[in-house]
Amino acid sequence: MIRVAGERVNDLFALAASESPRGPTGYSDRYVRLARKVGMRYNVRLLPEYRELYCRGCSTFWVEGRTVRTRLRSGRRVRTCLVCGRQRRVQLRGPTTRDGGEVGSPGSALRDNLALAEAPAGIDDEEESGDDDG
Ligand SMILES: [Zn+2]
């Protein structure tokens, strides 16, 4: 039964996505509301990608530029629902380090240079050819 409910949720989200380009018909939001209802009743976990698609405050199906605004702010993606104003922040997995330091900052470059200065212990620098065919 739970498996059926999961499929139903998937179907509803697919329907919501297919309805959304047609304009504000209201069907998309209804499908989202239904999907959430089914999910809650049968304790079905919504897929992470689905959770990105709607507002948790008012169940509006999010269409970029129409019902949601997405902004990048200090390594986070902030999505603001244009219907109820609820914000959803998503931590982005990017090239930035965990402590907030930027890649390629002067500090890390200096550290790299120091590491390079210490590293070549047994390497003679006769040839600088980077080609590796042989
Ligand atoms: Zn909302």
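The values are calculated or read from the model by the stated rules, or taken from the named source; none is laboratory data. Everything numeric here is computed off the predicted structure, so don't read it as measured data. Please note: Cβ atoms are built from the backbone with ideal geometry, for glycine as well, and neighbour counts cover all protein chains shown. These accessible areas exclude ligands, DNA and RNA; they are computed on the full protein's heavy atoms, side chains included. Shrake-Rupley method; radii C 1.70, N 1.55, O 1.52, S 1.80 Å.
A few points about this structure:
- For the range 2-91, a Kirkwood radius taken over Cα pairs fed into Stokes-Einstein (20 °C, viscosity 1.002 mPa s) yields D = 160 µm²/s.
- Heavy-atom accessible surface of ASP29, to the nearest 10 Å², is about 40 Å², with a 1.4 Å probe and all protein chains retained.
- Per atom type, the range 2-91 shows carbon and sulfur on 48% of its accessible surface, probed at 1.4 Å.
- Positive dipole terminus of the range 2-91, leading residue within SER18, MET40, THR80 (C-beta point charges): THR80
- Per residue, the range 2-91 exposes 66 Å² of accessible surface when a 1.4 Å probe is rolled over the protein heavy atoms with every protein chain present.
- Solvent accessible area, Å² - LEU15, 1.4 Å probe, full protein context: 70 Å²
- Ranking by accessible area, most exposed first, for TYR54, TYR27, TYR42 with a 1.4 Å probe: TYR27, TYR42, TYR54
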